[in-house]
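The values are calculated or read from the model by the stated rules, or taken from the named source; none is laboratory data. Model, not experiment: these values are computed from the prediction. Virtual Cβ from ideal backbone geometry, glycine too; neighbours counted across all protein chains shown.
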């Protein structure tokens, strides 16, 4: 008997693996949160599958998403990244990742961790939705709009409300697995 999954994950083994093991699982590691925030920004206008296929390349190119290292990237490093065919070679997105690393460090310093800051947008615990169909899942919510505005005020870029909601789904701030997906109850 095959397990039922969210429809978006069908058709590609990489999507299925991501869906089955990562998507919607609550993350509290600052490094992982920063990785997902960066990758969601890189995904703007592209498919998530494109990002998943390049994720290992991103990890290598961006020093395992070490925000301290990324915050110190200079023009030479940007030029190197723009020549790296293994990642998304978009100057605006690369510059955003560097800018976001700098602001991320400021937030960590102010709140003790990025985790403490970012999870406040859902009251510190996952929101468990109860969508019956993938079409029911919104692209934006009040929480993602509030997060987007707050991040932008702090100086983050490539953090629109849609990107923020995708981030919230990825890091388990919301459980948007459809109710008949086997992961819905597993994640809880």
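Some notes on this structure:
- Sole exception among (1) surrounded by 20 or more Cβ atoms within 10 Å (Cβ to Cβ); (2) not in a helix (DSSP H, G or I) for residue 165, by number: (2)
- First in segment 16-28 and over 26 Å from residue 117 (Cα atoms), second anywhere and part of a helix (DSSP H, G or I), Cβ under 6 Å, 6 or more apart: 16/9
- Selected residue (only one of 160, 112, 86 is within 14 Å of the chain's Cα centre (by Cα) and either modelled with pLDDT of 95 or more or over 24 Å from residue 56 (Cα atoms) (or both)): 160
- Contacts under 9 angstrom Cβ, first residue in segment 166-188 being in contact (Cβ under 8 Å) with a residue 12 or more places away in the chain and on the phi > 0 side of the Ramachandran plot, partner assigned to a helix (DSSP H, G or I) and surrounded by fewer than 22 Cβ atoms within 10 Å (Cβ to Cβ), 6 or more apart: 172/187
- Filter result for residue 158 (touching a residue at least 60 places away in the same chain (Cβ under 8 Å), more than 18 Å from residue 23 (Cβ to Cβ) and either in a helix (DSSP H, G or I) or out of contact with any strand residue (DSSP E or B) (no Cβ under 7 Å at 6 or more places or on another chain) (or both)): yes
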